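J.: Below is the structure I would like to discuss, written out as structure tokens.
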Amino acid sequence: MAVIDTRGMSCPQPVLMTKKAVAGSGLTSKVEVLVDNAAALGNVTRFLKSAGFKNVDASPNGDDTLIRASK
């Protein structure tokens with residue numbers, strides 16, 4: 001499992017980075033994504049759910065949010 005750091009990026013970059021990491025590295029069961037804005041939180045969460053991740057959870061991580069997802 002890798003942590004994808006998308007802090008400081010505006011949409012759609014966080015979703016594109018997450019999609020590339022999930023598809024490119026063979027991450028198929030667990031992923032963590034760090035985001036720092038509400039738009040990225042919503043978009044990445046929706047993408048992960050549409051990609052088949054069932055357990056998608058977001059929790060505060062300092063000033064940021066950590067999204068954890070697993071299949």
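The values are calculated or read from the model by the stated rules, or taken from the named source; none is laboratory data. Keep in mind the model is a prediction, meaning the values are calculated, not measured. Note: ideal-geometry Cβ built from the backbone for every residue, glycine included; neighbour counts use all protein chains shown. Only protein heavy atoms, including side chains, enter the accessible area calculation; ligands, DNA and RNA are left aside. Shrake-Rupley method; radii C 1.70, N 1.55, O 1.52, S 1.80 Å.
J.: Do we find a residue being assigned to a strand (DSSP E or B) and either free of Cβ contacts under 8 Å to residues at least 40 places away in the same chain or surrounded by fewer than 13 Cβ atoms within 10 Å (Cβ to Cβ) (or both) anywhere in segment 6-27?
T.: Within segment 6-27 (the criterion being assigned to a strand (DSSP E or B) and either free of Cβ contacts under 8 Å to residues at least 40 places away in the same chain or surrounded by fewer than 13 Cβ atoms within 10 Å (Cβ to Cβ) (or both)), the answer is no, since none of the residues qualifies.
J.: Another question about this same structure. Within segment 39-55, does at least one residue satisfy the condition of being aliphatic (A, V, I, L, M) and touching a Leu at 6+ places or on another chain (Cβ under 8 Å)?
T.: The answer is no, given that none of the residues of segment 39-55 is aliphatic (A, V, I, L, M) and touching a Leu at 6+ places or on another chain (Cβ under 8 Å).
J.: Please state which one of A38, A21, A51, A58 is among the small types (G, A, S) and under 12 Å from T6 (Cβ atoms).
T.: Answer to the check: A21.
J.: Please identify the pairs in which a residue from segment 41-64 that is more than 19 Å from M9 (Cα to Cα) has its Cβ atom under 7 Å from the Cβ atom of a residue that is in a helix (DSSP H, G or I), counting only partners at least 6 apart or on another chain.
T.: The qualifying pairs are A51/V22; V56/T45; V56/L48; V56/K49.
J.: Let me ask something additional. Out of all the residues in segment 5-19, which are over 16 Å from K49 (Cβ atoms) and modelled with pLDDT of 90 or more?
T.: D5, T6, R7, G8, M9, S10, P12, Q13, L16, M17
J.: Examine segment 34-48 for a residue that is over 15 Å from K71 (Cα atoms), basic (K, R), in a helix (DSSP H, G or I) and open to solvent by 80 Å² or more (accessible area, probe 1.4 Å), and state whether such a residue exists.
T.: No, every residue in segment 34-48 fails to be over 15 Å from K71 (Cα atoms), basic (K, R), in a helix (DSSP H, G or I) and open to solvent by 80 Å² or more (accessible area, probe 1.4 Å).
J.: Which of (1) touching a residue at least 40 places away in the same chain (Cβ under 8 Å); (2) open to solvent by 50 Å² or more (accessible area, probe 1.4 Å) does S70 not meet, given it meets every other one?
T.: The one condition S70 does not meet is (2).
J.: Can you tell me which of (1) among the charged types (D, E, K, R); (2) under 10 Å from the mean Cα position of the chain (by Cα); (3) open to solvent by 70 Å² or more (accessible area, probe 1.4 Å) is the one D63 doesn't meet?
T.: (2)
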